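J.: For reference, the structure I am asking about is given below.
The values are calculated or read from the model by the stated rules, or taken from the named source; none is laboratory data. Only a predicted model underlies this, so the values are computations on that prediction, with no experimental measurement involved. Side chains included, ligands, DNA and RNA excluded: accessible areas come from the protein's heavy atoms. Shrake-Rupley method; radii C 1.70, N 1.55, O 1.52, S 1.80 Å.
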Amino acid sequence: MTRLTEFTEAVLNPDRAPPAGLVDPQGRPAPKRFDVYRNNVAVSLTEALATAFPVIHKLLGEDFFNAMAGVYLRAHPPQSPLMMFYGDAMPAFLQNFEPVAHLPYLADIARLELAMRQSYHSADSTAIAPDALGALTPDQLMETRFTLAPALRIVTSDWPIFAIWQFNMSSGPKPQMQPEDVLISRPEFDPQQTRLPNGAAGFIAALGKGHSLGMAFEQTAETHPDFDLGATLGLLLQTSALTSLTTGTTT
């Protein structure tokens, strides 16, 4: 074990003794100073997690969340000095954290909150004009391929993640236990969430893979015959999710 690894593990684990050779300016052992430093690190990381996952924090409560954060930060120490990116492993952690097994939707809520943060820090982009599609013939429209905004994210879930998030953060209605897919976009400065209609998540994902509009629509209609193409395109334009388009032969 390297001295750096020994120091890191001692900082993150309160059960470990201070690293050997740690002394104050007078050359005396300084375990109390190290304990203060260790506590400050744990508090800072816990606060970063609470900021990153506000609904998880609210659902679990202050005491439980802080205790869970202590487990998380020892298993997943920061890989970057930028705290805005800390917590990437939280969805998988919650999926396997036995004390919250009775709350199976938590991992997907964490995925949603992580996607919101990723969207916020994504590159800026300029959306196509709302009337850009009006200049195309129906055949050209079906052959069109789109580039999606870097800030766009889609989170799919077997749980009402949109309703749970809105209920806790925006005083939304009480969630009904049903699957929900969420589009996260950033038309201006802050990310916003939109609940997607049935089939829209797969359709948008197909566009993101470079499929033409017609191909993506055909694939979606096979599994969702009631899929509303016009409404979904309108949603993508409204949320500035489309940044460029090209027309060509459908393959």
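J.: Just the Kirkwood number for segment 61-147, please: inverse of mean 1/r across all distinct Cα pairs, in Å, one decimal.
T.: Details: mean 1/r = 0.0605 Å⁻¹.
Hydrodynamic radius (Kirkwood, Cα only) of segment 61-147 equals 16.5 Å.
J.: So if I take the alpha carbon set of segment 188-230, get Rg, then get Rh from the Kirkwood formula, what is the Rg over Rh ratio? Intermediate values should be presented prior to the final figure.
T.: Working: Rg = 11.6 Å, Rh = 11.1 Å.
Radius of gyration over Kirkwood radius for segment 188-230 works out to 1.04.
J.: Here's something else I'd like to know. Using only Cα atoms, figure out Rg for segment 57-111 and give it as a multiple of 2.2 N^0.38 Å. It would help to have the intermediate numbers written out before the result.
T.: Details: Rg = 11.1 Å, N = 55, 2.2 N^0.38 = 10.1 Å.
Compared with the compact-globule rule of thumb, segment 57-111 sits at 1.10.
J.: At a 1.4 Å probe radius, carbon and sulfur cover how many percent of the accessible area of segment 93-204?
T.: Working: 3030 of 5830 Å².
Accessible surface attributable to carbon and sulfur in segment 93-204 totals 52 percent.
J.: Kindly identify segment 157-251 as rounded, prolate or oblate by the Cα gyration tensor criterion: order the square roots of the eigenvalues as a ≥ b ≥ c, call it rounded if a/c is under 1.5, otherwise compare a/b with b/c, prolate if a/b is larger, else oblate. All intermediate terms of the calculation are to be shown ahead of the outcome.
T.: Values: a/c = 2.95, a/b = 1.56, b/c = 1.89.
In terms of gyration-tensor shape, oblate.
J.: I'd like to know how segment 37-80 sits against the 2.2 N^0.38 Å rule of thumb: what's its Cα Rg over that expected value?
T.: Values: Rg = 10.0 Å, N = 44, 2.2 N^0.38 = 9.3 Å.
The value comes to 1.08.
J.: While we're looking at this one, here's another question. Throw me the Rg/Rh for segment 73-217, computed over C-alpha atoms with Kirkwood Rh, two decimals.
T.: Numbers: Rg = 17.7 Å, Rh = 17.3 Å.
Dividing the radius of gyration by the Kirkwood radius yields 1.03.
J.: Might you work out the accessible area of THR239 for me, using a 1.4 Å probe with all protein chains in place, and round it to the nearest 10 Å²?
T.: My reading of the accessible area for THR239 is about 0 Å².
J.: Could you sort ARG145, ARG195, ARG111, ARG117 by their accessible area in this structure, using a 1.4 Å probe and putting the largest first? Working shown, then result.
T.: Details: ARG145 55, ARG195 105, ARG111 85, ARG117 35 Å².
Result, largest first: ARG195, ARG111, ARG145, ARG117.
J.: Could you give the accessible area per residue of segment 169-230, probe 1.4 Å, as a whole number in Å²?
T.: On the way: 3460 Å² over 62 residues.
Value returned for segment 169-230: 56 Å² of accessible area per residue.
J.: So what's segment 149-206 giving for Rg/Rh, alpha carbon basis, Kirkwood Rh from the mean inverse pair distance? Present the calculation step by step, with values, prior to reporting the outcome.
T.: Numbers: Rg = 11.7 Å, Rh = 11.9 Å.
Taking Rh as the inverse mean 1/r over Cα pairs, Rg/Rh reads 0.98.
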